[in-house]
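Have a look at the structure below before the remarks.
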Amino acid sequence: MNKKVFHTLEYNKIIDLLCEHATCQSGRELCRHLKPSQNIGEIRLAQQQTSDALTRIYQKGSLSFSGVHNTGASLKRLEIGGVLGIEELLKTASLLEVAKRAKAYSRSDREDAKSDSLDALFARIEPLTPLLEEIRRCIISEDEIADDASANLKNIRRSIKNINDKIRSQMNTMLNSSDTRTHLQDTVITMRNGRYCLPVKAEAKSQVPGMIHDQSSTGSTLFIEPMAVVKLNNDLKELFLKEQEEIEVILANLSSLTAEYIPYLKDNYEVLTELDFIFAKASLAKDYNGTAPVFNTEHRIRIRKGRHPLLDSHKVVPIDIHLGNDFDLLIITGPNTGGKTVSLKTVGLFTLMGQAGLHIPANDRSELSVFEEVFADIGDEQSIEQSLSTFSSHMTNIISILEKVNVNSLVLFDELCAGTDPTEGAALAISILSKLHNYGIRTMATTHYSELKVFALSTSGVENACCEFSVETLSPTYRLLIGIPGKSNAFAISGKLGLPEDIIADAKNHMSEQDESFEDLISDLETRRISIEKERLEARQYRQETEALKRKLLEKQERLDSQREKIIRQANEEAHAILREAKEVADRTIKNFNKFGQANATAKEMEQERSKLRGKMNDLEKNISLKQKEQGANHKIPKNLRIGDSVKVLSMNLKGTVHTLPNDKGDLYVQMGILRSLVNIQDLVLLEEAPALGNKRKTTGAGKLKMAKSASVSSEINLIGKTTDEAISLLDKYLDDAYLAHMPSVRIVHGKGTGALRKAVQNHLKRLNYVKSFRLGEFGEGDSGVTIAEFK
C-alpha cells in the first residue's frame, strides 16, 4: 500500500497514539511498523486478538510489560560460551518477572471461563522461576553482588571487613598520638590508589615513616601510607582481587544456568513483545470507545455512527456512511467547513485502521472491506519548488491514481478538479468519475459542481450525499445525509454575514433559470427530508409506547391468571377439607348410633350425642361466617342496587361490581376480578364511590400507588436512540416511579456511543437525593453501556 496515503489520511498520527500505549521498547517498535494487511485471515485474527485483549482489560485491568528488554545479543554470547555481566543478568531477570506477571494475569478464577485467541500466547510463556530466584538471590543491583551469592565470597568479605577495622584502628591510634598529630596537615584518614593514607606536612615527611602515594596540588601536603599499615593494606588489596575473582565465578555460574534456558528466553521475549503490541491496540480502542468492524471481501462499507478518532470525542458528530451495496460512487456536496473532507478521511482512515487490526470508533456491526490500495487526493498540494499550481498538483496526483488503480482499490477525491474553469472542471470530473464507475471501483468525491449532482441523479450506481448546514445559525451540523444533494448556501450565508440585499438580488439574476430551478428542487427535497425524519421519529416513539403498553397488559394478564389459579386452588383445598371433616363427622355419628342401637342406649344418651353433633355443626358455620361477622355485623343491607355498583362480598372478603339485579330471593351475580359468583344481597356491603377525605385517604392512596408502581415498573429503562433532553425527561419520571415502588436498584441502558448520553445520565443521578450510589455495569451486565443506580 502506498505510503503517501498514510500521511494524507493521518494514519501516522494514529500510530503515534498507539505507540504511547505500548509499555516496552520492543512493543513500541512493533506498533511503529504496523501496516495494513491485505489478507482477510490475518485481519480477522488481529481484530479478534484486539477484542479479546480489550475484554481482559475490562475484566482484570491493564497489564504492564514494562521491564521487557531485548536480550538477543546476550543470548548469542551465551551460545558461544560467553559470560554475562551484572547488567545483562538483571535484564534477563526483569524479562522473567514480566513473564511471571503475565502468566499470573492469564489465569482465571472461574472454571467456566471461555478460551480466547490469546490463550495460546499466554500458554507459551515460561516464567523460569528457579533461574529468576537465583539471579535475584545473587545480584542486588548493578553495582552490588549479595554476600550470600557464595560461601567463599561471604568469607572474603568478612576478612576484608576485619582488615579494614584493623587498619582504621591502627591509624586512629596514630591520629590520637601527640607525636604524630603535630606533623599532620589534617586529622583525617584518606584513600589514595586504594590504600589508606595520612595527610602529612611536606616539611615533616621524615617524621612519619611510610610510602608516599600522592601530594596536593600546592605540594604542601604529602599523602603517606604509614609503615605500620603497609602489610595490612597489601592484604586488603589481595582480598579485593580475590573478591573480584569470586564475583567472576558467580557470574560464570549464573551465565551457565541461564544458557540452559536460551530457547525459553527467546520465546518469552517474542511472546511478551507481541502481547504488549496487542494490549496497546486494545488500550487505544478503550480510549476512543472503539469496536471491531465486520470484514467482507465484496468491497462493501457500512459505518454506523463513525467518529473520526483524532477529533474531540465530546464534540465530534457521528456519521453514517454506506458504499458498495446499492451504489459504488458517492458524490458529497455542501458548504465549506461542513464536514465533507472529514467524511472522506473517516472512511479512508477506518479502512487503514481496520486492515491493521485496530478497532474503529463506531457502533457495533459496522462493516469494512479489504482493499489492496487506498488512494486519496485531499488537501492543497500546491508546489512552489516544482512550479505547480493547485490544479496542476491535484491533476498530477489524479493521473498517478488512474495509472495504478484497480477494482480492489478505494479512491477518495476532495474537491475533484477544482481550481480551474468551472465548466471544464465539471466536465473533467464527470469523465474521471465515469471511468472509475465503469470499472466498479469504490469511489467517494466531494465537490461544489452542480453538474456532478445532476450526474449522480441521472446515473445508475451513483448516489448523492450532503453535509447538513443550518442557515439559521450559520453553522454546519456535520451530519452526512446520503441520497440528498447538498446546497452551497452561498447567498444565505452571505446575507447572514451582512452582504447588502441588492448585491445578493443582483447575483440571483445572474443565475440561469435551470440552475435556479435545480437549487429550488434541492431546497424542496431538504424540507421534505426534515419533515419525513420528524414523522419517522414520532412514529418510532409511538411504536415504543405501544410496545410498552402491550407489555404492561401482558404482565397484568399474567398476574390475573396467577391470582385466578391461586383462588381456585385455595377454594378446592378448603372444599376438600370441609368434605373430609364432614365425612369424618358422619362416619363417627353413624358408628355411635349403631353402637347405641346394639347396646339399647337410653334416650338421654342419644340426645346428648345429637346435641354434641349440633354443636359441631354450629362451630363450622361460625368458622365459615367469621369474616362476615367481623366485617359486617352491623352492616346495612344495600337497597336500590344498580348494575355497576361497587360492593364487597363479606363471606369471600372480595370486592366486585354488581353484574345483575337481585331476584325475588335476593340472589344476584357479582363480578369479582375473573370470578363471577351468585351471592345473596344480605352478604353484600355497598362501597362508597369516592374515598373519604383526610389522613385515611392519603394513606390509602399511597398504598394503592405503591402497589400499582411495584406491579408495573420495569427494573430497567432503555434510553438508546434518545437525545439528551428526551432521555433525561424519561429517566426522571422512571426513577420517581421506581423509587415509589421500593425497588432496590435499577439498570439504565444508555449505550456506549460518544459517551455524551452516559455523562448526562450520571450527572442527573448526582443531583437526586434519593439515589444512594451508581456505577457502570460490570462484565456481563452491559459494561460501559449501562449504569446501575441504587436507591437509599
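The values are calculated or read from the model by the stated rules, or taken from the named source; none is laboratory data. Since this is a predicted model, take the numbers as computed values, not measurements. Positions of Cβ are generated from backbone atoms using ideal geometry, with glycine treated the same way; all protein chains shown enter the neighbour counts. What goes into the accessible areas is simple: the full protein's heavy atoms, side chains included, and nothing from ligands, DNA or RNA. Shrake-Rupley method; radii C 1.70, N 1.55, O 1.52, S 1.80 Å.
Spatial offset of the range 240-264 relative to the range 147-179 amounts to 27 Å, using the alpha carbon center of each. Computed with a 1.4 Å probe over protein heavy atoms only, the accessible area of residue 187 comes to about 80 Å². Projecting label points 7 angstrom from Cα along Cα→Cβ for residue 140 and residue 59 puts them 4.3 nm apart.
For the range 86-94, 3J(HN,Hα) computed residue by residue from phi via the Karplus equation (6.51, -1.76, 1.60; θ = phi - 60°) reads 4, 4, 5, 5, 5, 5, 5, 5, 4 Hz, glycine and proline entered as x. One Cα centroid belongs to the range 3-81, the other to the range 759-777; the line between them spans 38 Å. Does the range 1-59 come out rounded, prolate or oblate by the C-alpha gyration tensor, with a ≥ b ≥ c the root eigenvalues, rounded set by a/c under 1.5 and, if not, prolate when a/b is larger than b/c and oblate if not? It is oblate, given that a/c is not under 1.5 and a/b is not larger than b/c.
When the residues 171, 227 are ordered by accessible surface, computed with a 1.4 Å probe over the protein chains alone, the sequence from largest down reads 227, 171. Distant-in-sequence amide contacts of residue 296, defined by a placed amide H-H separation under 5 Å and a gap of 5 or more residues or a different chain, comprise 368, 369, 370. Charges on Cβ only, +1 for Lys and Arg, -1 for Asp and Glu, centred on the Cα centroid of the range 295-355; of 350, 324, 295, which one is farthest towards the dipole's positive end? It is 350. For the range 1-141, state what percent of all Cα-Cα pairs lands in each successive 10 Å bin, counting from 0 Å until the bin that includes the largest distance. It works out to 9, 30, 31, 22, 8, 0, in whole percents. Only one residue of 117, 104, 57 has its Cα farthest out toward the positive end of the dipole of the range 52-154, where Lys and Arg carry +1 and Asp and Glu -1 on Cβ, and that residue is 117.
In the range 130-185, Rg over Rh equals 1.33, where Rg is the alpha-carbon radius of gyration and Rh the Kirkwood radius from pairwise Cα distances.
Highest mean first, the peptides 412-420, 531-539, 248-256 sorted by other C-beta atoms within 10 Å per residue fall in the order 412-420, 248-256, 531-539.
Considering only 170, 193, 151, the residue lying farthest towards the positive end of the dipole of the range 130-207 is 170, judged by Cα position with unit charges set on Cβ. Full extension of the chain between residue 234 and residue 724 yields a length gain of 167.9 nm, computed as 0.36 nm times the residue separation minus the alpha carbon distance. Placing pseudo-labels 7 Å out from each Cα toward the beta carbon at residue 120 and residue 663 gives an inter-label distance of 8.4 nm. Residues 479, 767, 569, ordered by accessible area of protein heavy atoms at a 1.4 angstrom probe radius and largest first, appear as 767, 569, 479. Computed from the Cβ-Cβ distance with R0 of 45 Å, the FRET efficiency linking residue 423 to residue 33 stands at 0.45.
Each Cα pair under 8 Å and six or more residues apart adds its separation to the average, and for the range 242-378 the resulting relative contact order is 35 percent.
Cross-link partners of residue 154 among aspartates and glutamates, defined as those whose alpha carbon lies under 15 angstrom from its own and excluding same-chain residues fewer than eight positions apart: 144, 243, 245, 246, 248.
Extension gain, residue 212 to residue 767: 0.36 nm times the residue separation minus the Cα-Cα distance gives 191.5 nm. Compactness ratio for the range 244-325: Cα radius of gyration over 2.2 N^0.38 Å (N = residue count) comes to 2.10. Cross-link partners of residue 404 among aspartates and glutamates, defined as those whose alpha carbon lies under 17 angstrom from its own and excluding same-chain residues fewer than eight positions apart: 372, 373, 377.
Given R₀ = 45 Å, what would the calculated FRET efficiency be for residue 776 paired with residue 562, taking r from the Cβ atoms and rounding to 0.05? After rounding, the FRET efficiency stands at 0.80.
The calculated FRET efficiency for residue 188 paired with residue 244, based on their beta-carbon distance and R0 = 30 Å, is about 0.60.
Kirkwood radius, the range 72-208, all distinct C-alpha pairs, inverse of mean reciprocal distance: 20.5 Å. With the simple spin-label model, which puts each label point 7 Å out from Cα in the Cβ direction, the residue 637 to residue 408 separation comes to 9.8 nm.
Here is the list for the range 98-175: GluC sites (Glu not before Pro) lying in DSSP coil, each with at most 15 other C-beta atoms within 10 angstrom of its C-beta, are 111, 142. Dimensions of the range 202-356 along the principal axes, based on C-alpha atoms and rounded to the nearest Å, stand at 106, 48, 23, largest first. Of 444, 211, the order by accessible heavy-atom surface (1.4 Å probe, DNA, RNA and ligands excluded), from most exposed downward, is 211, 444.
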